[in-house]
Structures are given as structure tokens and as C-alpha cells.
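In what follows, a single structure is set out as C-alpha cells and then discussed.
Derivation of every value follows stated rules applied to the coordinates shown; laboratory data play no part. Because the structure is predicted, anything quoted here is derived from the model rather than measured. All Cβ positions, glycine included, derive from the backbone under ideal geometry; neighbour counts span all protein chains shown.
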Amino acid sequence: MLHEDNIKKIVIIGGGTAGWMTAAAMSRLLNHPEMSIQLIESAAIGTVGVGEATIPHIKLFNNLLGLQENDFVRKTNATFKLGIEFVNWDKLGKAYIHPFGAYGVPMEGLRFHQYWLRHRAMGDTHSIDDYNLPILAARAGKFQRPQNIPNSPLSNIEYAFHFDAGLYANFMRQFAERAGVNRTEGKVIKVNQNAESGFVESVELENGDVIEGELFIDCSGFRGLLIEQTLETGYDDWSDVLPCNSAVVVPSEKIGDPIPYTRSTAHEAGWQWRIPLQSRTGNGHVFCKDYVSDEKAAETLLAHLDSPAIGDPRFLRFTTGIRKKVWNKNVIAIGLSAGFMEPLESTSIHLIQTAIARLMTNFPDKHMNQADIDYFNQRTQLEFEQVRDFLILHYCATERDDSDFWNYCRTMKLPNTLQQRLDIYKENARLYRHDNELFGDASWFAVMHGQGISPKRYHPNVNMMPDEELDRRMSDIRRVWLNSLGQMPSHQNFIDQHCRA
């Protein structure tokens, strides 16, 4: 029997990816006969449903739920992802890949890129890409799950997925409902609050039903039905450093075998994603409507599709930023209701995942300890700011001067946290990972190097290694990486063998 202080009635407002991921995780971790989890959604209210690319951390969430990966891939029309290719970001005609996974191997306690910088200064002409297996595999159209081969780069391949967001939400819904989550169809028309505390006590639906709860999870999307419309929490707007505020999306027909990476192509006033699924391709153009019209943005998207469009383009509006309090009273916002970071580095679903994990770690009882709430909000704010800085890097580290949009991005004032990273890297290529942040030094290096930031020097300690020893080690790494690549099947062959939809 649950203690009288335990919360026993949880109400989730909104379905979609955020709502059903939350419901699925809660049904797994709060599995008790006295615990009630109810999700309210209306078929009349659409979901954004464009978050089709992920990062490797999603495998932790799938493992938590006990999902069988091949089954998951088949049912979500998924393909595998080894990284993101960025085209035309530094300058027109230039492309690089931000991979999942480190470059080379650490040597003498220092990151590999420091030794590569020294080797290049010695006259070697090999690209940094030659020392990264995910990049080599992505370029070759290959994929392999990690293999049990000691001391081999094949043993620690990092990967994620591209999938159909609607199918994924439905997959989560089926899991949650099997585990006892109660779905209620209906539109919330009224929110009832306690007169003294302001806590949400119940919501009223169009059909007159009143649904009571003790903890409310707001997954209602941009409108923030509880967190903003009811509690008037406020919003920190980051448009000054991430100016894109619109997107136009359209699927297109499948053409050829799917590539094992996402492609992001910079345009005049934004960028376009290309996400390959097993049966179609997901496309979208994220742009700033202050610099380009909706009509021109849609024309740009359609003109750069690799295959014929399926259906008509659909527009979305957003403001990059975060709620001033993601947890306010007995309401916790998860997903777009908490804040929005454009999908440039496929972080949307990850931010849902970490919010759920943080909630489970700080799960309240009926006392709603304010210190726990404050800590939750502080950590969420920090996480969003760290992702924000990484996204800004893509825009500010550019030589493009072919449009007013890129001139603004290249010269805008940066957050002090990002400026400090840039100043340190530009001197001696040093990179640091703060507070277990999402993107590590390999990711920061990939984007900084890929977008043309060249440090003046490298770490002085790499000079301790004799030239001949460095030559030998670098040659050995390239040889092993190429041998490993030769053992990998094509991406399409791997799907055909294990998880074809």
C-alpha cells in the first residue's frame, strides 16, 4: 500500500511524442496498483510531428522500456544514423560531418585532435575524417551495430535513428496503454485551480467531464495550456542568438538506398533537413521570416528535394527559448510546452527524455518540496543553455556574407559561455566538457573544425612524442579504421537482414 503522502493521480495533457514518451516511462517506473496515469488528448488538435532524427542517448530510453530494437525499427519505419552532414554552413560548397563517436584514440592523456593538429603541422595531409569510423561509414553508406571485438573501433560504434514521429508516438502509446495508462479523448476547455495555492486541481473537457489530478504534466505543445495559459509562467526568448522562427515541412518519395546520416543544408535565411526513412524522406526548411517570405521559403524547400513531394508543404511558427519555470507549482512542462530548440542537432526528443529522467529522479510527494522544484528548474535551464550555445556555434562560425541573415549571424553578440569556449579553442584547441553536458569535446571539435575555426597552436604536451612515434601511431590508426570499415555491410543490407519495415 502506498504511503498517504505519495502522489497517486497523474494527469498528462497532450499526446504526441512528448506525451506518450512520458506516459510510457511513467507506466514502467511508477507501476503500482494504486497509481493512476491518465493522458488527455484531442484528435482535433494536431501535433508538430517533425522530430524524425535522434541522437544516441535514445537507446538508453528504449532500453529502460525493454524494447527490442529490431521490432522498434520495423514499427517506426526507421533507419540508422551515424551523424549529421552540414552543407554550406561555413561557406558555399563546403561540407563536413558531425559524427557520433570520437576521433582516433586518446594518446598520453590528451584528446586525439591535439596530435592530429601537430601531425598536420609536420606536413601530413590526411583529413581528420580519416580517423573517425562513423564518418568513413557514413560516406560509404555502411552501418553496423557494435561488435564484441576487443580493442577494435567496431566495438563501440555510436548510432541513433531516423524514424516516423507519428509512428513513434503510436508505438509509445501502445506500450503505455498495455501498461495501464488510461487515454481520454477530449479537448480541455477549463482549468480549475486551488483558490489559495494556485495549484491545478482538475481540468474540464468539452463533453463536461471533470478530471482531477495531483500532478499535471503539460505536453500540450507550443500553447502551454497549463504552464503558460493557466499559470502565466513566462518565457525567455532567445531569438537574438537563434533568429530562425519558422519552418515549412513536406515528405517526399524514397529515392535509392537510405543514407545513414541526416543532412542539413544551409540556405539564404536558414537551413533544410533531409531525413531518410525506409519508405520516404522527411524534409523541412527552418528559416527566419524576418529575412525571407513564406512563399520563398517553400520554393527553396521544394527546389532542393531529391524526390517528388508527397502532399503540400505545411508551416510552423516557433520562438526559440525556455519557460522561466519548467516546473511551476504542481505542473511540469515537457516537450514543446517547456521550450523550443530548433532541430539542427536533433535534440528535441533528447530534451523530452532528459526531462522525464530528471522528473523521475526528483519525483515529488504531495508536499511538493520547493527545493526540489528549484533544483529541477536550474538543471533544466542549464541543459537548455548548453544546447543553445552549441546550436549558436553553427550560425556564428561562418564566412558567409551572401545575405543579410548570415551577416547578422556572423556578427551577433554571443553568450559569454560560448565566447569563452571559442577564445580558448582559437588559442590552443583546448575543449572542455562542463557539468556532464550533452555535447562533448569531440562534438565541439567537429563543428569548430568543420566550420573553419583554426587554432593558433596545439597543446604543448603533444610535443613530448617523437616525430617517428607520432607518424607510426597515426598510420596504425588509419589502417585499423579502414580495415574495420571493410568489415561493415551497407546500411540497406543491414536493414534488409535485421529490421526491414
### Message
Considering just Cα atoms, how many Å³ per residue does the convex hull of the chain enclose?
### Response
162
### Message
Report the Cα-based extents of region 88-166 along its three principal axes, largest first, to the nearest Å.
### Response
50, 41, 21
### Query
How many angstrom separate the Cα center of region 376-435 from the Cα center of region 24-43?
38
### Message
Report the Cα-based extents of region 133-174 along its three principal axes, largest first, to the nearest Å.
### Response
40, 23, 10
### Message
Which order do the peptides 381-389, 198-206 come out in when sorted by mean C-beta neighbours inside 10 angstrom, highest first?
### Response
381-389, 198-206
### Query
Computed over the Cα atoms of region 291-406, what is the ratio Rg over Rh, Rh following Kirkwood?
1.09
### Query
How about LYS366: which lysines have a C-alpha closer than 16 Å to its C-alpha, ignoring those fewer than 8 places off in the same chain?
LYS8, LYS9, LYS329
### Message
I need to check one value: relative contact order of the chain, counting alpha carbon pairs closer than 8 Å and at least 6 residues apart, in percent.
### Response
22
### Query
Cα to Cα, under 18 Å, and not fewer than 8 places away if on the same chain: which aspartates and glutamates meet these conditions relative to LYS325?
ASP218, GLU228, GLU232, ASP236, ASP237, ASP372, ASP374, GLU383, GLU385
### Query
For region 193-309, what size does the Cα cloud have along each of its three principal axes, sorted from largest down, in whole Å?
58, 35, 26
#### Entry: Convex hull per residue volume in Å³, alpha carbons only, for region 195-235
91
## Note on the structure
Rounded to the nearest 10 degrees, the helix 112-121 long axis (Cα) sits at an angle to the longest Cα principal axis of the chain of 30
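If you filter region 16-93 for GluC sites (Glu not before Pro), then keep DSSP loop positions with at most 16 other Cβ within 10 Å, what is left?
Details: sites: GLU34, GLU41, GLU52, GLU69, GLU85; in loops: GLU34, GLU52.
The qualifying sites are GLU34.
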#### Entry: Sequence-distant residues sharing a close amide H with GLY321 (under 5 Å, placed H)
TRP238, PHE340
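Counting Lys +1, Arg +1, Asp -1, Glu -1, what net charge surrounds HIS367 among other residues with beta carbon under 12 Å of its beta carbon?
Numbers: positive: LYS366; negative: GLU4, ASP5, GLU214, ASP365, ASP372.
Within the 12 Å Cβ shell, the charges total -4.
Around LEU336, with a cut-off of 13 angstrom between Cβ atoms, what is the net charge of the other residues, counting Lys and Arg +1 and Asp and Glu -1? Walk me through the numbers on the way to the answer.
Working: positive: ARG223, ARG317, ARG323; negative: ASP218, GLU228, GLU342.
Charge balance near LEU336 sits at 0.
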### By average C-beta atoms within 10 angstrom, highest first, the peptides 155-164, 330-339
330-339, 155-164
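Where Lys and Arg each count +1 and Asp and Glu each count -1, what net charge lies around THR265 among other residues with Cβ under 9 Å from its Cβ?
Numbers: positive: ARG263, ARG274; negative: GLU85.
For residues surrounding THR265, the net value is +1.
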### Message
Using only the alpha carbons of region 113-240, what is the convex hull's orientation-averaged projected area in square nanometres?
### Response
16.0
### Summary
Expressed as a whole-number percentage, the relative contact order of region 8-106 with C-alpha contacts under 8 angstrom and at least six residues apart is 21
### Query
If you put +1 on each Lys and Arg Cβ and -1 on each Asp and Glu Cβ, how big is the dipole of region 84-210 around its Cα centre, in Debye rounded to 20?
620
#### Entry: Additional length obtainable on full extension of the chain from GLN370 to ASN483, 0.36 nm per residue less Cα span
35.1 nm
### Query
Hey, what D do you get for region 247-316 in µm²/s if you plug the Kirkwood alpha-carbon radius into Stokes-Einstein at 10 °C and 1.306 mPa s?
131
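Based solely on its DSSP helices, what 222 nm [θ] is calculated for the chain when runs of n ≥ 4 H residues each add -39,500 (n - 2.57) and the sum is averaged over all residues, nearest 500 deg cm²/dmol?
Numbers: 14 runs with 171 residues, N = 501.
Dividing the helical sum by the residues of the chain leaves -10500 deg cm²/dmol.
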